[in-house]
1. Probe 1.4 Å, all protein chains in place: accessible area of Phe229 in Å², nearest 10?
2. Once you have the alpha carbon radius of gyration of the stretch 281-367, what is it after dividing by 2.2 N^0.38 Å, with N set to its residue count?
3. Would you calculate the convex hull of the Cα atoms in the chain and tell me its volume per residue in Å³?
4. Can you tell me what percent of all Cα-Cα pairs in the stretch 262-409 are more than 22 Å apart?
5. Of all the C-alpha pairs in the stretch 228-272, what % are more than 16 Å from each other?
6. Can you tell me the 0 to 90 degree angle between the C-alpha axis of helix 325-353 and the longest principal axis of the chain, rounded to 10?
7. Which order do Ile192, Ile68 take by accessible area at a 1.4 Å probe, largest first?
8. Using only alpha carbons, build the gyration tensor for the stretch 134-204 and give me the equivalent ellipsoid semi-axes, biggest first, whole Å.
Amino acid sequence: MSIVREAKDSGGGPSKQPGTLAAAFAQPAFRRIWSGNLASNIGTWMQNITLGVLAYQLTGEAWFIGVITFAQLGPMLLVSPIGGAVADRVDRRRLMIGIALMQTVLSMVLAVVALADQPNRVALVLIVFCIGLGNAVNGPTFSAMLPTLVGRKDLQGAVALNSAAMNTSRVVGPILGGLTAELGGPSLVFAINGLTYLFVIWAVATVHADFSPKGHGGATPWQQLREGFDAARADGVVTRILVTISVFSLCSLVFIYQMPLIAEQRLGIEGIAYTLLFASFALGAALGAISMGTVFSELPRSRMSTGSIYVFAAALAVFGITTSPWVAYPAVFVTGGAYFILVTALSTTLQLRVPDAVRGRVMGLWMMGWAGLVPVGGLIAGPIIDAIGEVPVLLFGAAVAAALGFLIDLDESTPPPPAPGLRPDSP
């Protein structure tokens with residue numbers, strides 16, 4: 001029985017408006033995996049926020065925050081296309097369970113290393129990098145599963161719910177991480193994160209869904225990768241989406257992982273107040289994603305993407321120049337909301353235009369641009385912030401975002417071409 005049919009039999013499919021949050025959440029397979037990922041993402045953001053604070057406490061400088069950020073997200077840049085190719089070739093259930101088991105073990109090792117009064121910086125970076133390698137393979141694998149779990153008509157709702165879960169975890173995770181670190185230190189935070197991967201293992205192991213590989217098995221790994229690049233290049237809309245998200249992530253998202261420094265040096269806040277600043281950003285992002293599956297579900301994604309990037313640019317400029325926490329909180333909230341309206345619009349359009357046979361590889365390119373280039377921007381910006389301050393860097397990011405508004409053109413009137421190397425009737 002197909003997943004879409006299973007959802008209809010459960011009473012959720014036909015009665016829901018297609019493309020909404022309700023329609024996507026009515027699908028039993030998607031609902032279970034989404035719930036497991038939400039629990040795991042909360043643990044991940046407990047760990048991420050604690051790592052940023054720990055990195056700043058160990059050095060007091062932006063450059064090491066940049067290094068830790070690169071260790072967390074750099075593998076997305078280096079490995080995501082390969083991870084997407086793997087997702088198109090192997091059983092996705094075994095792949096996702098294996099990755100979650102590896103990340104459980106590594107998080108526990110990280111907890112042991114963090115027990116020291118002065119944790120070894122090299123060990124911290126290496127362990128976090130290895131956890132990031134798992135994310136670089138799991139990200140495109142999970143993204144490629146979405147159309148299988150909900151069907152194409154409900155894809156926007158699924159993408160919005162996935163983004164909402166990610167950003168709800170960015171609200172809950174930092175608060176829980178801050179409280180947990182106060183009670184038991186960073187080591188306890190890392191150990192709890194390790195346990196949350198068990199929710200993913202349970203969900204993937206028990207759900208009824210099609211986890212089979214979709215790519216043809218005769219191609220060599222290099223040919224598999226090349227087919228993904230060719231498919232992205234053949235569709236002008238997909239190309240613009242990937243270029244937009246790549247430049248945006250490289251230049252305009254530096255502030256996310258430099259928030260410990262911005263909070264203390266510019267806004268004069270620290271501790272729980274800092275976690276609330278990050279949570280404000282994440283809450284805005286979660287509501288932005290939810291809005292794309294509710295109030296904005298029927299609006300053209302082209303209009304939403306263009307409007308949201310201009311709002312993001314304006315809000316980031318305000319956040320970059322203010323020294324008042326009372327201005328910073330709403331500014332970063334609006335920044336988060338606009339950011340994930342943009343991401344949901346771009347990601348949904350991309351998914352709808354990509355053939356199933358190359359979906360994992362193209363989503364690997366998406367993950368490379370969306371998540372993989374953020375730490376590169378952090379590495380470049382860290383020394384610049386140490387030299388001239390954070391304001392010029394944030395204002396530059398706002399200017400780049402505004403300029404990208406002229407590039408985005410999600411013209412969906414033209415049907416997507418068949419992927420290069422595939423028959424025109426391929427799925």
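The values are calculated or read from the model by the stated rules, or taken from the named source; none is laboratory data. Note that the structure is predicted; figures quoted are calculated from it, not measured. All Cβ positions, even for glycine, are placed from backbone atoms using ideal geometry, and neighbour counts span all protein chains on display. These area figures cover heavy atoms from the full protein model, side chains too; ligands, DNA and RNA do not enter into them. Shrake-Rupley method; radii C 1.70, N 1.55, O 1.52, S 1.80 Å.
1. Per-residue accessible area (Phe229): approximately 90 Å².
2. Here the Cα radius of gyration is 1.23 times the empirical estimate.
3. Value for the chain: 127 Å³ per residue.
4. When all Cα pairs of the stretch 262-409 are counted, 46 percent exceed 22 Å.
5. Cα-Cα pairs of the stretch 228-272 separated by over 16 Å account for 56 percent.
6. Between helix and principal axis, roughly 20 degrees.
7. Ile192, Ile68
8. In descending order the semi-axes read 29, 14, 9 Å.
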